[in-house]
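Participant: I'd like to ask you about the structure that follows.
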Amino acid sequence: MKHKLTSLAANLFSLLLSVILAVAVWANAVATQDPDETRVLPDFLVVEPVGLAQGLVAQGYEQAQIQATLRAPRSVWDRLGSDTVHAQINLAGKAEGRYLVPVTIHSDITPVMVEGANPPTLEILVDRLASRTLAVHVQLAGNLAPGFQAGTPVYAPEAVTVSGPESLVDQVAEIVATVDIEGIRSTADQSVAVLPLDTDGNVVAGVTLDPGTISVSVPVQQLGGYRDLVVKVPLLGSVKSGYRLTGLTINPQVVTLYSNDPEAIAAMAGYVETQPLDISGASAGITKSLALVLPAGVQVVGDPNIVVQVSISAIEDSITLSRPIRFQGLEPGLAVTLSPAFVDVILSGPAPIIWSLKPADVDVFLDLAEKGPGTYKLTPEVNKPRELSLVILSPEQIEVVITKATPTPKP
């Protein structure tokens with residue numbers, strides 16, 4: 001009986017040893033094929049505070065960017081990033097005050113070992129959460145268009161709630177909304193962001209405003225004796241034949257006029273003309289400064305001259321020419337046959353150039369340099385006036401047969 005027990009124990013020991021050796025061999029094989037690698041995670045981690053008691057708020061972690069050093073199998077690294085690795089600070093049990101808190105790294109994926117965090121600690125201020133309601137002050141920035149005045153802004157809501165760490169909330173002296181009225185000629189309705197400012201006029205960061213924007217309406221009206229009128233430019237004559245007018249730019253398009261006699265301003269039409277601009281025979285753009293034609297007693301507020309730009313372009317046309325194919329570069333002792341010997345060339349461009357084009361102005365040729373006997377499919381080149389575009393070459397390829405020239409028999 002004793003012999004049997006000894007034999008059984010020996011067998012169990014052998015079996016256990018075999019399992020251990022098998023596991024060791026397997027682990028070694030896995031480590032060889034998928035070795036651990038220690039790296040710095042390329043993604044910066046945003047810090048998440050945990051465990052903070054109700055009614056308290058933390059400062060000092062918001063702008064921190066944590067780099068984590070991890071050790072993991074090579075196959076795992078492709079799945080590690082800021083969505084699977086997290087940085088936290090534990091604020092459980094922390095009352096109001098300033099603390100140096102360690103940064104801890106956690107991974108949603110295993111197996112991963114954390115080697116360290118950089119920086120390893122953060123200085124955190126734990127403060128009481130506070131809120132205040134402050135009235136909004138609306139201020140205007142910029143200048144209205146000449147001859148206009150702004151009324152009292154109307155806005156809603158008239159107060160906002162400031163919340164955040166008590167030490168920061170206490171720094172907020174006023175809530176300001178700035179409305180840009182530069183160049184405005186009519187009532188301005190805008191959605192404007194509100195800003196928390198301290199006593200020195202600096203923005204207090206780290207607090208929350210509810211709401212963050214308000215609706216503002218600034219009434220704007222024109223003063224008596226002023227009037228805005230659109231500018232009209234009379235054009236005299238016609239552009240050169242083969243050209244057309246493609247654009248007219250007037251700057252400014254609207255002018256402000258003033259008169260001591262409001263009735264004289266009111267009696268004017270809804271526009272004011274400049275001196276006439278003569279475009280007779282023009283074939284290129286024109287830029288000119290023109291004066292306004294105004295009734296007596298009426299003057300322009302600002303620069304009295306109007307800059308006028310006229311754009312002129314040639315009318316587009318096209319032409320089809322049948323041209324013989326010229327060849328060059330053929331080596332001595334060779335003969336060539338072209339099929340076909342003529343091609344159709346369709347060109348487009350400015351009508352004046354098309355209308356004056358002569359067939360000799362278009363040259364179609366083939367370069368046969370270094371071409372020996374044989375049959376080729378070649379695309380001719382086209383020399384043409386640079387102002388014109390080649391639309392179609394028909395046919396695009398020419399059959400070229402090069403043979404040895406037959407000697408001319410002597411008489």
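The values are calculated or read from the model by the stated rules, or taken from the named source; none is laboratory data. What you see is a predicted model; the values in this text were computed from it and never measured. Counting neighbours? That spans all protein chains shown, and the Cβs are built from the backbone with ideal geometry, glycine included. Areas reflect the complete protein model, heavy atoms only, side chains present, ligands, DNA and RNA absent. Shrake-Rupley method; radii C 1.70, N 1.55, O 1.52, S 1.80 Å.
Participant: Near the amide H of residue 103, under 5 Å away, which other amide H atoms are found, from residues 5 or more places off or on another chain, if H is placed in the peptide plane?
Facilitator: The answer is 121, 122.
Participant: Quick one: putting +1 on the C-beta of Lys and Arg, -1 on the C-beta of Asp and Glu, what dipole do you get for the chain around its Cα centre, in Debye to the nearest 20?
Facilitator: 1720
Participant: Hey, how much of the P(r) for segment 308-411 falls beyond 15 Å, as a percent of Cα pairs?
Facilitator: 67
Participant: Cα centroid distance between segment 239-286 and segment 307-381, in Å?
Facilitator: If you average the Cα positions of each part, the centres end up 46 Å apart.
Participant: Of the candidates 84, 213, 152, which one comes out as most mobile in a Gaussian network treatment of the chain with C-alpha springs shorter than 10 Å?
Facilitator: Among 84, 213, 152, the largest mean-square fluctuation in the Gaussian network model of the chain belongs to 84.
Participant: Can you pull the accessible area of residue 240 for me, 1.4 Å probe, Å² to the nearest 10?
Facilitator: 100
Participant: Apply the Debye scattering formula to the chain, with a single equal point scatterer on each alpha-carbon and no solvent, then give log10 I(q)/I(0) at q = 0.09 Å⁻¹.
Facilitator: So the normalised log intensities are -0.90.
Participant: Tally Lys and Arg at +1 and Asp and Glu at -1 over the other residues with C-beta under 11 Å from the C-beta of residue 310: what net charge comes out?
Facilitator: Around residue 310, the surrounding residues sum to 0.
Participant: So if we plug the beta-carbon distance of residue 288 and residue 241 into 1/(1 + (r/R0)^6) with R0 = 30 Å, what FRET efficiency do we get, rounded to 0.05?
Facilitator: After rounding to 0.05, the efficiency reads 0.85.
Participant: Quote to one decimal, in nm, the extra length available between residue 391 and residue 167 on full extension: 0.36 nm per residue of separation minus the C-alpha distance between them.
Facilitator: Extra length from residue 391 to residue 167 when fully extended: 73.1 nm.
Participant: So if R0 is 25 Å, what FRET efficiency would residue 40 and residue 98 give, r being the distance between their Cβ atoms, rounded to the nearest 0.05?
Facilitator: 0.30
Participant: What are the ³J(HN,Hα) couplings of segment 137-150, residue after residue, when phi is run through the Karplus curve with 6.51, -1.76, 1.60 and θ = phi - 60°? Round to Hz, x for glycine and proline.
Facilitator: Residue by residue, segment 137-150 yields 10, 9, 10, 9, 10, x, 10, 5, 4, x, x, 10, 9, 9 Hz.
Participant: Let me ask something else about it. What FRET efficiency comes out for residue 131 versus residue 305 if R0 is 56 angstrom and r is the Cβ-Cβ distance? Round to the nearest 0.05.
Facilitator: It comes to 0.45.
Participant: Helix-derived [θ] at 222 nm for the chain: sum -39500 (n - 2.57) over DSSP H runs of at least 4, divide by residue count, nearest 500?
Facilitator: -3500 deg cm²/dmol
Participant: If you don't mind, there's one more thing I want to ask. Using a 1.4 Å probe, how large is the accessible area of residue 44, given in Å² and rounded to the nearest 10?
Facilitator: That residue has around 100 Å² of solvent-accessible surface.
Participant: Cα-based Rg (one decimal) and Dmax (whole number) for segment 131-187, in Å?
Facilitator: 15.2, 48
Participant: A follow-up question, please. Tell me, what ³J(HN,Hα) does each residue in segment 285-296 have, in order and in whole Hz, if you take phi through Karplus 6.51 cos²θ - 1.76 cosθ + 1.60 with θ = phi - 60° and put x for Gly and Pro?
Facilitator: Per residue, the Karplus-derived 3J(HN,Hα) values read x, 10, 10, 8, 9, 10, 8, 7, 9, 10, x, 4 Hz.
Participant: Pulled fully out, how much extra length does the chain show between residue 121 and residue 315, if you take 0.36 nm times their separation in residues and subtract their Cα-Cα distance?
Facilitator: Roughly 62.4 nm would be gained on extension.
Participant: Calculate one ³J(HN,Hα) per residue across segment 193-204 by plugging θ = phi - 60° into the Karplus curve 6.51 cos²θ - 1.76 cosθ + 1.60, and present them in order as whole Hz with x for glycine and proline.
Facilitator: Along segment 193-204, the couplings run 6, 9, 10, x, 10, 8, 5, 8, x, 8, 6, 8 Hz.
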